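> Have a look at the structure that comes next, please.
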Amino acid sequence: MSVKTRKSNGQGHTYKVGNSWKTVITSHGRTVTATAKTQQESKRRAKEKVQQLPIANNGKVVGANKVTLGQYLLPWLDYHHKNKIASTTYRRYRGLAVRNVIPGLGEMQLNKITKREIATLLTSMGAANIGPRSQNQALALISKCMQSAVDSGMILNNPASGLAKTPETKAQITPLTETQVLDLLDKNKGKFMSARLHIAFCGLRQGEALGLQWSDIDFENGILHVHQQVQVVDGVRKFVKLKTDSSVRKIILSDTAIQALKIHKSIVAQMRLSVGAEWTDRDLVFPNRVGSFQQSKLDYQRWQNALKECGISARSLHNARHTAGTLLYANEVGIETIRRVLGHSSVGITSRTYVHNAEEPLRRAAESMNHIYKKNGGSAA
(Lines give C-alpha, C1' and ligand atoms only; values in the text may rest on other atoms or scores of the structure.)
Protein backbone atom coordinates (compact mmCIF):
# COMPACT_ATOMS: atom_id res chain seq x y z
CA MET A 1 0.00 0.00 0.00
CA SER A 2 1.54 3.29 -1.06
CA VAL A 3 1.54 6.17 1.36
CA LYS A 4 1.49 9.86 0.54
CA THR A 5 0.85 13.14 2.32
CA ARG A 6 -1.81 15.69 1.56
CA LYS A 7 -3.31 18.80 3.03
CA SER A 8 -5.93 18.68 5.74
CA ASN A 9 -9.63 18.78 5.03
CA GLY A 10 -10.35 18.97 8.76
CA GLN A 11 -11.42 21.70 11.11
CA GLY A 12 -9.40 23.23 13.91
CA HIS A 13 -9.39 25.84 16.60
CA THR A 14 -6.74 28.00 18.23
CA TYR A 15 -6.72 29.31 21.78
CA LYS A 16 -4.31 30.97 24.19
CA VAL A 17 -2.60 29.03 26.98
CA GLY A 18 -0.64 31.33 29.28
CA ASN A 19 1.75 33.27 27.08
CA SER A 20 1.49 30.81 24.19
CA TRP A 21 -1.04 29.86 21.50
CA LYS A 22 -2.27 26.30 20.93
CA THR A 23 -3.92 24.99 17.75
CA VAL A 24 -5.84 21.72 17.58
CA ILE A 25 -6.85 20.22 14.22
CA THR A 26 -8.77 16.99 13.61
CA SER A 27 -8.31 15.53 10.15
CA HIS A 28 -8.75 12.06 8.66
CA GLY A 29 -9.52 10.58 12.06
CA ARG A 30 -6.41 11.96 13.75
CA THR A 31 -5.95 14.96 16.03
CA VAL A 32 -2.77 17.03 15.96
CA THR A 33 -1.72 19.91 18.20
CA ALA A 34 0.92 22.61 17.96
CA THR A 35 2.04 25.34 20.36
CA ALA A 36 3.88 28.56 19.54
CA LYS A 37 4.39 32.08 20.84
CA THR A 38 2.12 33.59 18.18
CA GLN A 39 -1.29 32.57 16.91
CA GLN A 40 -0.14 32.54 13.29
CA GLU A 41 2.89 30.35 14.02
CA SER A 42 0.76 27.93 16.04
CA LYS A 43 -1.62 27.47 13.10
CA ARG A 44 1.26 27.05 10.65
CA ARG A 45 2.91 24.33 12.73
CA ALA A 46 -0.39 22.45 13.19
CA LYS A 47 -1.12 22.54 9.46
CA GLU A 48 2.38 21.32 8.75
CA LYS A 49 1.82 18.34 11.07
CA VAL A 50 -1.46 17.54 9.32
CA GLN A 51 0.31 17.56 5.98
CA GLN A 52 2.69 14.92 7.29
CA LEU A 53 -0.10 12.49 8.20
CA PRO A 54 0.30 9.26 6.23
CA ILE A 55 -2.71 9.05 3.91
CA ALA A 56 -3.45 5.91 1.89
CA ASN A 57 -4.57 6.03 -1.75
CA ASN A 58 -8.16 5.51 -0.63
CA GLY A 59 -8.04 8.80 1.31
CA LYS A 60 -7.94 7.32 4.83
CA VAL A 61 -5.34 7.63 7.54
CA VAL A 62 -3.33 4.44 7.72
CA GLY A 63 -4.80 2.33 10.55
CA ALA A 64 -8.09 4.21 10.76
CA ASN A 65 -9.85 1.55 8.68
CA LYS A 66 -9.36 -0.94 11.50
CA VAL A 67 -11.70 0.91 13.85
CA THR A 68 -14.96 -0.93 14.52
CA LEU A 69 -18.36 0.65 15.04
CA GLY A 70 -18.33 -0.71 18.59
CA GLN A 71 -15.10 1.15 19.32
CA TYR A 72 -16.26 4.37 17.69
CA LEU A 73 -19.97 4.75 18.52
CA LEU A 74 -20.10 5.29 22.30
CA PRO A 75 -17.07 7.64 22.52
CA TRP A 76 -18.54 9.63 19.62
CA LEU A 77 -21.96 9.74 21.29
CA ASP A 78 -20.51 10.87 24.64
CA TYR A 79 -18.26 13.53 23.09
CA HIS A 80 -20.77 15.05 20.68
CA HIS A 81 -24.06 14.65 22.54
CA LYS A 82 -23.68 14.10 26.28
CA ASN A 83 -24.60 17.29 28.16
CA LYS A 84 -25.47 18.92 24.80
CA ILE A 85 -28.92 17.41 24.28
CA ALA A 86 -31.76 16.62 26.68
CA SER A 87 -30.72 13.84 29.04
CA THR A 88 -33.76 11.76 28.06
CA THR A 89 -32.74 11.97 24.38
CA TYR A 90 -29.15 11.06 25.24
CA ARG A 91 -30.28 8.05 27.31
CA ARG A 92 -32.55 6.90 24.49
CA TYR A 93 -29.69 7.08 21.97
CA ARG A 94 -27.28 5.32 24.30
CA GLY A 95 -29.84 2.63 25.07
CA LEU A 96 -30.34 1.98 21.35
CA ALA A 97 -26.58 1.84 20.86
CA VAL A 98 -26.02 -0.66 23.68
CA ARG A 99 -29.09 -2.85 23.17
CA ASN A 100 -29.38 -2.91 19.39
CA VAL A 101 -26.72 -1.23 17.25
CA ILE A 102 -23.54 -2.54 18.91
CA PRO A 103 -24.79 -6.15 19.29
CA GLY A 104 -25.74 -6.12 15.60
CA LEU A 105 -22.91 -4.16 13.98
CA GLY A 106 -20.38 -3.44 16.73
CA GLU A 107 -17.71 -5.91 15.57
CA MET A 108 -17.68 -4.63 11.99
CA GLN A 109 -15.01 -2.19 10.84
CA LEU A 110 -16.45 1.19 9.86
CA ASN A 111 -15.29 0.87 6.25
CA LYS A 112 -16.88 -2.59 5.92
CA ILE A 113 -20.42 -1.52 6.87
CA THR A 114 -22.79 -1.23 3.92
CA LYS A 115 -26.44 -0.35 3.42
CA ARG A 116 -27.21 -4.05 3.40
CA GLU A 117 -25.85 -4.64 6.92
CA ILE A 118 -27.73 -1.63 8.30
CA ALA A 119 -30.98 -2.70 6.62
CA THR A 120 -30.52 -6.23 8.03
CA LEU A 121 -30.11 -4.78 11.53
CA LEU A 122 -33.32 -2.77 11.21
CA THR A 123 -35.19 -5.81 9.90
CA SER A 124 -33.99 -7.89 12.86
CA MET A 125 -35.21 -5.16 15.24
CA GLY A 126 -38.64 -5.38 13.63
CA ALA A 127 -38.63 -9.17 13.96
CA ALA A 128 -37.90 -8.73 17.67
CA ASN A 129 -41.08 -6.60 17.98
CA ILE A 130 -39.10 -3.37 18.31
CA GLY A 131 -41.34 -0.64 16.90
CA PRO A 132 -40.84 1.54 13.81
CA ARG A 133 -40.02 4.60 15.89
CA SER A 134 -37.09 2.87 17.61
CA GLN A 135 -35.93 1.47 14.27
CA ASN A 136 -35.90 4.96 12.77
CA GLN A 137 -34.08 6.37 15.79
CA ALA A 138 -31.45 3.63 15.44
CA LEU A 139 -31.07 4.51 11.75
CA ALA A 140 -30.67 8.21 12.61
CA LEU A 141 -28.07 7.35 15.25
CA ILE A 142 -26.05 5.20 12.85
CA SER A 143 -26.29 7.82 10.11
CA LYS A 144 -25.04 10.63 12.34
CA CYS A 145 -22.21 8.48 13.65
CA MET A 146 -21.11 7.36 10.18
CA GLN A 147 -21.32 10.93 8.88
CA SER A 148 -18.97 11.98 11.65
CA ALA A 149 -16.56 9.29 10.49
CA VAL A 150 -16.84 10.66 6.93
CA ASP A 151 -16.19 14.21 8.14
CA SER A 152 -13.11 12.96 10.01
CA GLY A 153 -11.78 11.25 6.91
CA MET A 154 -12.07 7.74 8.36
CA ILE A 155 -14.43 6.51 5.63
CA LEU A 156 -15.37 7.88 2.23
CA ASN A 157 -19.15 7.57 2.28
CA ASN A 158 -22.01 7.32 4.77
CA PRO A 159 -23.63 3.90 4.16
CA ALA A 160 -26.78 4.94 6.06
CA SER A 161 -27.43 7.85 3.72
CA GLY A 162 -30.51 7.31 1.56
CA LEU A 163 -31.89 4.37 3.52
CA ALA A 164 -35.67 4.65 3.81
CA LYS A 165 -37.29 5.05 7.20
CA THR A 166 -39.70 2.44 8.49
CA PRO A 167 -43.28 3.77 8.13
CA GLU A 168 -44.69 4.79 11.50
CA THR A 169 -48.34 4.43 12.42
CA LYS A 170 -49.20 6.62 15.37
CA ALA A 171 -51.05 4.81 18.10
CA GLN A 172 -54.57 6.11 18.59
CA ILE A 173 -54.75 7.94 21.90
CA THR A 174 -58.17 8.00 23.51
CA PRO A 175 -58.43 10.81 26.07
CA LEU A 176 -60.50 10.36 29.19
CA THR A 177 -64.00 11.74 29.13
CA GLU A 178 -65.10 14.57 31.38
CA THR A 179 -67.15 12.05 33.40
CA GLN A 180 -64.11 9.80 33.89
CA VAL A 181 -61.98 12.74 35.03
CA LEU A 182 -64.60 13.81 37.57
CA ASP A 183 -64.95 10.21 38.81
CA LEU A 184 -61.17 9.95 39.32
CA LEU A 185 -61.05 13.21 41.25
CA ASP A 186 -64.08 12.28 43.36
CA LYS A 187 -62.80 8.83 44.36
CA ASN A 188 -59.41 10.24 45.40
CA LYS A 189 -60.65 13.32 47.28
CA GLY A 190 -58.59 13.87 50.43
CA LYS A 191 -56.01 11.24 49.44
CA PHE A 192 -52.34 11.60 48.45
CA MET A 193 -53.31 11.00 44.82
CA SER A 194 -55.88 13.80 44.70
CA ALA A 195 -53.45 16.67 44.18
CA ARG A 196 -51.38 14.57 41.78
CA LEU A 197 -54.43 14.02 39.58
CA HIS A 198 -55.30 17.71 39.63
CA ILE A 199 -51.74 18.56 38.50
CA ALA A 200 -51.86 15.88 35.80
CA PHE A 201 -55.08 17.36 34.43
CA CYS A 202 -53.45 20.79 34.41
CA GLY A 203 -51.39 19.35 31.53
CA LEU A 204 -48.01 18.96 33.25
CA ARG A 205 -45.57 16.35 32.00
CA GLN A 206 -44.56 13.73 34.56
CA GLY A 207 -41.07 15.18 35.05
CA GLU A 208 -42.55 18.66 35.52
CA ALA A 209 -45.03 17.40 38.14
CA LEU A 210 -42.39 15.47 40.09
CA GLY A 211 -40.13 18.53 39.96
CA LEU A 212 -42.68 20.86 41.56
CA GLN A 213 -41.70 22.53 44.83
CA TRP A 214 -44.01 24.29 47.26
CA SER A 215 -42.28 27.55 46.41
CA ASP A 216 -43.65 27.14 42.86
CA ILE A 217 -47.23 27.47 44.09
CA ASP A 218 -48.71 30.90 44.80
CA PHE A 219 -51.72 29.94 46.91
CA GLU A 220 -52.83 33.53 47.40
CA ASN A 221 -53.17 34.24 43.68
CA GLY A 222 -53.84 30.66 42.57
CA ILE A 223 -50.84 30.47 40.24
CA LEU A 224 -48.59 27.49 39.52
CA HIS A 225 -45.10 28.26 38.19
CA VAL A 226 -43.62 25.53 35.97
CA HIS A 227 -39.91 26.08 35.41
CA GLN A 228 -38.04 22.82 36.02
CA GLN A 229 -38.35 19.05 35.89
CA VAL A 230 -36.83 15.97 37.47
CA GLN A 231 -34.76 13.67 35.28
CA VAL A 232 -32.24 10.89 35.80
CA VAL A 233 -28.80 12.15 34.78
CA ASP A 234 -25.90 9.68 34.98
CA GLY A 235 -28.00 7.46 37.21
CA VAL A 236 -28.93 10.25 39.63
CA ARG A 237 -32.30 12.02 39.89
CA LYS A 238 -31.94 15.78 39.88
CA PHE A 239 -33.62 19.05 38.94
CA VAL A 240 -32.94 20.07 35.33
CA LYS A 241 -34.10 22.91 33.12
CA LEU A 242 -37.10 22.44 30.88
CA LYS A 243 -36.46 21.49 27.27
CA THR A 244 -37.65 24.76 25.70
CA ASP A 245 -38.33 28.32 26.81
CA SER A 246 -42.01 27.86 25.96
CA SER A 247 -42.22 25.05 28.52
CA VAL A 248 -41.57 27.61 31.26
CA ARG A 249 -45.04 28.87 32.07
CA LYS A 250 -47.65 29.99 34.59
CA ILE A 251 -50.88 28.07 35.06
CA ILE A 252 -53.95 29.48 36.78
CA LEU A 253 -55.24 26.85 39.19
CA SER A 254 -58.91 26.06 39.70
CA ASP A 255 -60.41 26.48 43.16
CA THR A 256 -60.70 22.69 43.55
CA ALA A 257 -57.04 22.22 42.58
CA ILE A 258 -55.96 24.82 45.14
CA GLN A 259 -58.02 23.10 47.84
CA ALA A 260 -56.57 19.69 46.90
CA LEU A 261 -53.03 21.08 47.09
CA LYS A 262 -53.67 22.61 50.51
CA ILE A 263 -54.89 19.25 51.83
CA HIS A 264 -51.92 17.57 50.16
CA LYS A 265 -49.51 19.94 51.88
CA SER A 266 -50.85 18.85 55.25
CA ILE A 267 -50.45 15.18 54.20
CA VAL A 268 -46.80 15.81 53.29
CA ALA A 269 -46.28 17.60 56.61
CA GLN A 270 -47.59 14.52 58.43
CA MET A 271 -45.22 12.33 56.40
CA ARG A 272 -42.34 14.54 57.46
CA LEU A 273 -43.27 14.33 61.15
CA SER A 274 -43.53 10.53 61.03
CA VAL A 275 -40.13 10.14 59.37
CA GLY A 276 -38.29 12.62 61.59
CA ALA A 277 -34.53 12.98 61.10
CA GLU A 278 -34.51 10.73 58.02
CA TRP A 279 -36.54 13.29 56.06
CA THR A 280 -34.69 14.96 53.16
CA ASP A 281 -36.02 18.47 52.76
CA ARG A 282 -36.19 19.25 49.04
CA ASP A 283 -39.46 21.20 49.37
CA LEU A 284 -41.06 18.76 46.90
CA VAL A 285 -44.80 18.74 46.36
CA PHE A 286 -44.75 15.04 45.48
CA PRO A 287 -41.86 13.53 47.46
CA ASN A 288 -41.12 9.91 48.21
CA ARG A 289 -41.64 8.58 51.76
CA VAL A 290 -38.45 10.28 53.03
CA GLY A 291 -38.86 13.62 51.25
CA SER A 292 -36.60 13.01 48.27
CA PHE A 293 -37.38 12.54 44.58
CA GLN A 294 -40.26 10.26 43.72
CA GLN A 295 -39.56 7.36 41.37
CA SER A 296 -41.40 7.79 38.09
CA LYS A 297 -42.33 4.08 38.06
CA LEU A 298 -44.11 4.37 41.42
CA ASP A 299 -45.85 7.55 40.27
CA TYR A 300 -46.99 5.71 37.13
CA GLN A 301 -48.22 2.72 39.15
CA ARG A 302 -50.32 4.98 41.40
CA TRP A 303 -51.91 6.42 38.27
CA GLN A 304 -52.76 2.94 36.99
CA ASN A 305 -54.21 1.97 40.36
CA ALA A 306 -56.43 5.06 40.33
CA LEU A 307 -57.68 4.20 36.84
CA LYS A 308 -58.38 0.59 37.83
CA GLU A 309 -60.35 1.69 40.90
CA CYS A 310 -62.64 3.67 38.60
CA GLY A 311 -62.99 0.85 36.10
CA ILE A 312 -60.96 2.69 33.44
CA SER A 313 -58.68 0.70 31.14
CA ALA A 314 -54.91 1.17 31.50
CA ARG A 315 -53.52 4.32 29.88
CA SER A 316 -50.18 6.06 29.89
CA LEU A 317 -49.76 8.86 32.41
CA HIS A 318 -49.14 11.14 29.44
CA ASN A 319 -52.77 10.47 28.51
CA ALA A 320 -53.77 12.93 31.25
CA ARG A 321 -51.94 15.66 29.32
CA HIS A 322 -53.80 14.74 26.13
CA THR A 323 -57.02 14.73 28.12
CA ALA A 324 -56.31 18.23 29.45
CA GLY A 325 -55.81 19.65 25.96
CA THR A 326 -58.86 17.90 24.52
CA LEU A 327 -61.23 18.90 27.34
CA LEU A 328 -60.08 22.52 27.18
CA TYR A 329 -60.74 22.54 23.44
CA ALA A 330 -64.14 20.89 23.90
CA ASN A 331 -65.04 23.69 26.31
CA GLU A 332 -64.20 26.32 23.69
CA VAL A 333 -60.81 27.37 25.06
CA GLY A 334 -58.73 28.78 22.18
CA ILE A 335 -55.78 26.86 20.72
CA GLU A 336 -53.30 29.61 21.65
CA THR A 337 -54.39 29.46 25.29
CA ILE A 338 -54.15 25.66 25.28
CA ARG A 339 -50.65 25.96 23.78
CA ARG A 340 -49.60 28.19 26.66
CA VAL A 341 -51.11 25.87 29.26
CA LEU A 342 -49.34 22.82 27.81
CA GLY A 343 -46.09 24.68 27.15
CA HIS A 344 -45.80 24.01 23.41
CA SER A 345 -43.59 26.04 21.11
CA SER A 346 -46.29 26.36 18.43
CA VAL A 347 -50.04 26.01 18.04
CA GLY A 348 -49.36 23.49 15.29
CA ILE A 349 -47.98 21.02 17.82
CA THR A 350 -50.97 21.61 20.07
CA SER A 351 -53.59 21.03 17.40
CA ARG A 352 -51.82 18.06 15.75
CA THR A 353 -50.81 16.19 18.86
CA TYR A 354 -53.15 16.95 21.72
CA VAL A 355 -56.54 17.99 20.41
CA HIS A 356 -58.34 14.74 19.60
CA ASN A 357 -61.42 15.10 17.42
CA ALA A 358 -63.39 16.96 20.03
CA GLU A 359 -66.83 16.90 18.45
CA GLU A 360 -68.68 19.03 20.98
CA PRO A 361 -67.58 22.44 19.57
CA LEU A 362 -68.56 21.22 16.09
CA ARG A 363 -71.97 20.10 17.33
CA ARG A 364 -72.49 23.48 19.01
CA ALA A 365 -71.55 25.19 15.74
CA ALA A 366 -74.14 23.11 13.88
CA GLU A 367 -76.77 23.94 16.51
CA SER A 368 -75.95 27.63 16.13
CA MET A 369 -76.49 27.41 12.38
CA ASN A 370 -79.80 25.58 12.95
CA HIS A 371 -80.87 28.37 15.28
CA ILE A 372 -80.00 31.00 12.68
CA TYR A 373 -81.96 29.18 9.96
CA LYS A 374 -85.03 28.74 12.17
CA LYS A 375 -84.91 32.36 13.25
CA ASN A 376 -84.96 33.42 9.61
CA GLY A 377 -87.88 31.34 8.50
CA GLY A 378 -86.84 27.72 8.41
CA SER A 379 -84.75 25.55 6.13
CA ALA A 380 -82.12 27.01 3.86
CA ALA A 381 -82.26 23.97 1.53
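> In the range 86-139, what residues are small (G, A, S), closer than 19 Å to P159 by Cβ and not in a helix (DSSP H, G or I)?
G106
> Confirm whether S194 is buried (at least 21 other Cβ atoms within 10 Å of the Cβ) and part of a helix (DSSP H, G or I). Give the steps one after another, and end with the answer.
Numbers: buried (at least 21 other Cβ atoms within 10 Å of the Cβ): yes; part of a helix (DSSP H, G or I): yes.
Yes.
> Which of the residues belonging to the range 176-189 are surrounded by fewer than 22 Cβ atoms within 10 Å (Cβ to Cβ) and within 15 Å of R302 (Cα to Cα)?
As a first pass, look at the range 176-189 and keep what is surrounded by fewer than 22 Cβ atoms within 10 Å (Cβ to Cβ): 177-183, 185-189.
Those that are surrounded by fewer than 22 Cβ atoms within 10 Å (Cβ to Cβ) and within 15 Å of R302 (Cα to Cα): L185, K187, N188, K189.
> Now, a different point. Quick test for you: out of I155, I173, I130, I118, pick the one residue that is under 22 Å from the mean Cα position of the chain (by Cα), under 26 Å from V98 (Cα atoms) and either of a type in the set (D, E) or surrounded by 15 or more Cβ atoms within 10 Å (Cβ to Cβ) (or both). Step through it out loud before you land on a result.
Details: I155 fails: under 22 Å from the mean Cα position of the chain (by Cα); I173 fails: under 26 Å from V98 (Cα atoms); I118 fails: under 22 Å from the mean Cα position of the chain (by Cα).
Sole residue among the options that is under 22 Å from the mean Cα position of the chain (by Cα), under 26 Å from V98 (Cα atoms) and either of a type in the set (D, E) or surrounded by 15 or more Cβ atoms within 10 Å (Cβ to Cβ) (or both): I130.
> Name the residue, out of Q137, Q109, that is in contact (Cβ under 8 Å) with a residue 24 or more places away in the chain and more than 30 Å from D245 (Cα to Cα). Write out each step before concluding.
Working: Q137 fails: more than 30 Å from D245 (Cα to Cα).
Result of the check over Q137, Q109: Q109.
> Still on this structure, please answer the following. Determine whether G153 is within 27 Å of I25 (Cβ to Cβ), in contact with a strand residue (DSSP E or B) (Cβ under 7 Å, 6 or more places away or on another chain) and of a type in the set (G, A, S). First the steps, then the outcome.
Numbers: within 27 Å of I25 (Cβ to Cβ): yes; in contact with a strand residue (DSSP E or B) (Cβ under 7 Å, 6 or more places away or on another chain): yes; of a type in the set (G, A, S): yes.
Against the criterion (within 27 Å of I25 (Cβ to Cβ), in contact with a strand residue (DSSP E or B) (Cβ under 7 Å, 6 or more places away or on another chain) and of a type in the set (G, A, S)), G153 qualifies.
> Run A314 past the list (1) without any contact (Cβ under 8 Å) to a residue 24 or more places away in the chain; (2) assigned to a helix (DSSP H, G or I) and report the number of the one that doesn't hold.
The failed condition is (2).
> When the residues of the range 256-285 are filtered to those that are of a type in the set (D, E, K, R) and under 32 Å from the mean Cα position of the chain (by Cα), which remaining residue is farthest from V181 (Cα to Cα)? Working first, answer last.
Taking the range 256-285 as the starting set, the residues that turn out to be of a type in the set (D, E, K, R) are 262, 265, 272, 278, 281-283.
Imposing the further condition that a residue be under 32 Å from the mean Cα position of the chain (by Cα) reduces the set to 262, 265, 281-283.
Working: K262: 20, K265: 22, D281: 32, R282: 30, D283: 28 Å.
The selected residue is D281.
> Hey, L182 hits all of (1) among the aliphatic types (A, V, I, L, M); (2) assigned by TED's automatic domain parsing to the domain that holds R340; (3) in contact (Cβ under 8 Å) with a residue 12 or more places away in the chain but one; which does it fall short on?
Only one criterion is unmet by L182, namely (3).
> In addition: Pick out the one residue from K165, K187, K191 that is within 22 Å of the chain's Cα centre (by Cα) and not hydroxyl-bearing (S, T, Y). Step through it out loud before you land on a result.
Numbers: K187 fails: within 22 Å of the chain's Cα centre (by Cα); K191 fails: within 22 Å of the chain's Cα centre (by Cα).
Unique residue meeting the criteria: K165.
> Okay, next question. Of the residues that make up the range 246-258, is at least one outside any helix (DSSP H, G or I), out of contact with any Gly (no Cβ under 9 Å at 6 or more places or on another chain), more than 17 Å from N188 (Cβ to Cβ) and in the same structural domain as C202 (by TED's automatic domain parsing)? Spell out how you get there, then give the answer.
Of the residues in the range 246-258, the ones outside any helix (DSSP H, G or I) are 248-254.
When the remaining residues are screened for being out of contact with any Gly (no Cβ under 9 Å at 6 or more places or on another chain), the result is 250.
From what's left, more than 17 Å from N188 (Cβ to Cβ): 250.
In the following step, the residues that additionally are in the same structural domain as C202 (by TED's automatic domain parsing) were identified as 250.
Yes; the residues of the range 246-258 include at least one that is outside any helix (DSSP H, G or I), out of contact with any Gly (no Cβ under 9 Å at 6 or more places or on another chain), more than 17 Å from N188 (Cβ to Cβ) and in the same structural domain as C202 (by TED's automatic domain parsing).
The values are calculated or read from the model by the stated rules, or taken from the named source; none is laboratory data. Everything numeric here is computed off the predicted structure, so don't read it as measured data. Here Cβ is always computed from backbone atoms with ideal geometry, including for glycine, and neighbour counts include all displayed protein chains.
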